[in-house]
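Since the structure comes first, as structure tokens, the remarks are kept for the end.
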Amino acid sequence: MTNISLSERKLLLYSILTLAVGLSASPATAKVSGVCGNCHTMHNSQDGTAVLHSGAGWADDGTFSSGEASETPVGYLLIADCVGCHSSTSADKTIIQLGDNRIPIVFNTGAYPSKALAGGNFYNVSRGETYDGYGHNVYGISEHDSKLMTAPGNNRCGNANSCHNTLAVAPTAQNDYRGSCQGCHYNVYHHQDNDRYRFLNSHDEQFGAYVQGVEHASWEYPDDTTLTDHNFYKGVDRDNIGQGGTLELKQTQGISSYCAGCHNTFHSIEGIGTDTWLRHPTDIVLPEEGEYAQYNPVTNYETQSPVAWINPATPQRDEAIVMCLSCHRVHGSEHPDILRWDYSEMVANQPNGEGCFVCHTTKD
Ligand code: HEC
Ligand code: HEC
Ligand code: HEC
Ligand code: HEC
Ligand code: HEC
Ligand code: HEC
């Protein structure tokens, strides 16, 4: 934060790159292409053996032979379940080429990949109880969290096996036959380009409860991420939308309201009207004064402490929003509480320029 010439250089780079952003990022394009048989199996049988594999999908060389062959077909006649097609036995590959498509890998079974995508990676949370806090525990990857019997902050109850309480149980009527990945990616749209950011929606999608944003074309694969080319998430300024009902908040299509679907009370704005907060605020504008003046995410965006935007297509400094993903990843990370950085390294009086210090620049 003290290196002025670096930020000047970044600003210059920013002006050069703004032109490119329209080309490399788009509202939401997820439409697959290519031979049907790459992804579908009509009878789950070829030469008399099962085609479907579940768990641990793609090997290093791009073959799909790992995981367990399964006689039981899955919905949409796919060659794999969600976990299977989006995982890899290779330690480090996080994008696998399949015909014309690139498959974003969210679970590497060998190690935490050095180039994890924006959501992080499920590797750690697959390693057993000690690592339960390093990710969302989802069915097909990990057992039920040993400590958390519900989503912390959930005040909407739901039955014991609902997604608000656990994502680690098999699909049943109690989780709308979803659970696991689809507890969060409730409706998926592989054959459509629509405005659902990363298929993030819910059982209230028909009422407008889904997330919007501008998607980075390579899911923030580190080699392809630049100062201006990254995900842009939608956020809202809760001061301006009033207290509203739950549905009204969901209809803002913000990323933090989405997390609030299961972690509702963590998204409260308790504290407004007093001079202190009762929980770390989200969905408030990142002030332009005081210690926050030094972080201008329009010209100096930090993927380690990102912000959302009131309008993700036209990011403005006075519309930068603190969000849940400012501190957390979502799938899994290398740190407890799915944080983006090691919280134990955030030490007042010993600034390291990372994590909390990106915004709280005077707590050094
Ligand atoms: C046969 C392989 C396959 C299966 C099975 C599969 N996917 Fe995908 N998925 C893909 C490919 C390929 C893409 C990349 C599409 C693109 O280029 O944006 C993708 C993209 C995604 C994305 C990112 C969308 C975006 O906006 O970039 C999500 C989220 C996702 N899949 C979730 C799921 C879920 C949940 C399931 C289970 C219902 C599932 N997938 C099953 C192949 C698969
Ligand atoms: C790269 C992988 C991939 C390829 C190639 C692919 N599909 Fe799919 N398809 C999926 C996935 C994943 C789903 C899961 C549900 C969803 O997202 O709609 C799906 C869902 C479907 C569905 C049900 C949902 C809908 O949108 O109607 C149909 C029908 C379908 N595919 C037909 C086809 C046909 C026909 C082809 C070839 C012309 C094809 N698919 C090629 C991955 C693929
Ligand atoms: C569909 C419900 C659901 C949604 C949506 C959801 N979560 Fe969770 N979350 C859970 C459940 C259930 C747990 C407790 C079990 C576990 O750790 O998986 C949890 C646990 C967590 C934990 C603690 C992990 C641990 O084990 O200590 C964090 C941090 C977290 N969620 C953050 C988020 C963020 C950030 C978002 C939005 C990007 C989000 N969650 C969206 C259901 C959800
Ligand atoms: C707790 C909710 C939650 C669960 C459970 C979850 N996802 Fe996601 N997923 C998200 C969010 C939020 C994003 C957007 C991350 C971002 O852009 O920072 C995302 C992004 C993705 C992407 C795009 C790649 C990336 O890292 O941005 C894929 C592919 C995907 N998810 C697939 C899956 C699959 C497969 C599973 C199950 C193994 C799964 N997700 C489970 C919430 C979830
Ligand atoms: C300013 C950074 C920051 C923001 C923003 C943030 N969190 Fe956290 N979160 C943390 C830290 C740090 C922890 C570790 C425990 C603690 O200090 O409270 C944590 C812990 C958690 C836990 C685990 C609680 C438990 O009992 O184990 C959940 C769940 C969670 N956060 C969800 C959210 C959700 C949902 C949002 C958005 C509404 C959010 N967080 C916004 C930093 C943040
Ligand atoms: C993306 C920017 C951002 C990050 C990252 C961030 N904060 Fe904050 N934090 C804020 C903003 C903005 C406020 C509210 C400021 C205001 O009310 O004017 C705030 C408020 C707080 C408060 C409450 C202050 C009060 O007056 O009640 C504490 C304590 C705090 N943050 C600690 C942390 C810690 C610890 C971390 C790292 C785990 C962290 N923050 C990370 C932006 C951030």
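Brief remarks follow.
- Sites PHE207 and ASP239 - FRET efficiency at Förster radius 30 Å, r taken between beta-carbons, to 0.05: 0.80
- Residue order by solvent-accessible surface for GLU270, GLU291 is GLU270, GLU291, largest first, with ligands and nucleic acids left out and a 1.4 Å probe.
- Estimated inter-spin distance, GLU270 and LEU77, nm [label 7 Å along Cα→Cβ]: 5.3 nm
- Taking the stretch 68-86 and a reference point 7 angstrom along Cα→Cβ of LEU98, the backbone N atoms nearer than 17 Å belong to 68-70, 73-86.
- Cross-link reach list, lysines versus LYS115, counting only Cα pairs under 26 Å and skipping chain neighbours closer than eight places: LYS10, LYS31, LYS93, LYS234
- Rounded to the nearest Hz, the phi-derived 3J(HN,Hα) couplings of the stretch 187-196 under the Karplus curve 6.51 cos²θ - 1.76 cosθ + 1.60 (θ = phi - 60°) are 10, 10, 9, 4, 9, 9, 9, 9, 9, 8, where x marks glycine and proline.
- Burial order of peptide ranges 81-92, 204-215 (average beta-carbon count within 10 Å, highest first): 81-92, 204-215
- Here the contact order of the chain, divided by its residue count and restricted to Cα pairs under 8 Å and six or more residues apart, works out to 15 percent.
- Computed from Cα atoms, the angle from the helix 4-24 axis to the main principal axis of the chain rounds to 40 degrees.
- Backbone phi angles across the stretch 41-46, fed through the Karplus curve with coefficients 6.51, -1.76 and 1.60 (θ = phi - 60°), yield HN-Hα couplings of 9, 5, 10, 6, 7, 9 Hz in residue order; Gly and Pro are listed as x.
- Highest mean packing first, where packing is the average number of other Cβ atoms within 10 Å per residue, the peptides 292-302, 318-328 line up as 318-328, 292-302.
- Relative contact order (percent, whole number), the stretch 148-226, Cα cutoff 8 Å, 6+ residue spacing: 16 percent
- Listed residues LYS115, LYS234, LYS147, LYS93 arranged by accessible area, highest first, probe 1.4 Å: LYS147, LYS93, LYS115, LYS234
- Reported to the nearest whole Å, the Cα centre-to-centre distance from the stretch 134-155 to the stretch 258-302 is 25.
- Karplus-derived HN-Hα couplings along the stretch 162-173 (A = 6.51, B = -1.76, C = 1.60, θ = phi - 60°), whole Hz, x at Gly and Pro: 6, 5, 6, 10, 7, 10, 9, 10, 4, x, 9, 4
- Spacing of the modelled spin labels on CYS36 and ASP195, each 7 Å from Cα toward Cβ, amounts to 3.2 nm.
- Relative contact order of the stretch 258-326, pairs being alpha-carbon contacts under 8 Å that are 6 or more residues apart, as %: 30 percent
- Based on the Stokes-Einstein relation at 37 °C and a viscosity of 0.692 mPa s, and on the Kirkwood radius from alpha carbon pairs, the chain is assigned a translational diffusion coefficient of 152 µm²/s.
- Efficiency of FRET from Cβ geometry, GLU291 and GLU345, R₀ 25 Å, rounded to 0.05: 0.85
- With each label modelled as a point 7 angstrom along the Cα→C-beta vector, the ALA160-LYS147 pair spans 2.2 nm.
- A cut-off of 5 Å between modelled amide H atoms, ignoring neighbours fewer than 5 places along the same chain, links ASN121 with GLY332, SER333.
- For the chain, the 222 nm mean residue ellipticity estimated from helices alone, with every DSSP H stretch of n ≥ 4 adding -39500 (n - 2.57) and the total spread over all residues, rounds to -3500 deg cm²/dmol.
- Cα-Cα separations in the stretch 37-146 greater than 17 Å, expressed as whole percent: 53 percent
- Nonlocal amide H pairs with HIS40, under 5 Å, H built at 1.01 Å: ILE79
- Amide H contacts of SER90 (H built 1.01 Å from N, under 5 Å, at least 5 apart or other chain): ASP60, THR109
- Gyration tensor verdict on the stretch 32-76 (Cα atoms; rounded if a/c is under 1.5, prolate if a/b is larger than b/c, oblate otherwise): oblate
The values are calculated or read from the model by the stated rules, or taken from the named source; none is laboratory data. For clarity, every value in this text was computed on a predicted model and none was experimentally measured. Every residue, glycine among them, receives a Cβ derived from its backbone with ideal geometry; neighbour counts consider all protein chains shown. The accessibility values were calculated without ligands, DNA or RNA, using every heavy atom of the protein model including side chains. Shrake-Rupley method; radii C 1.70, N 1.55, O 1.52, S 1.80 Å.
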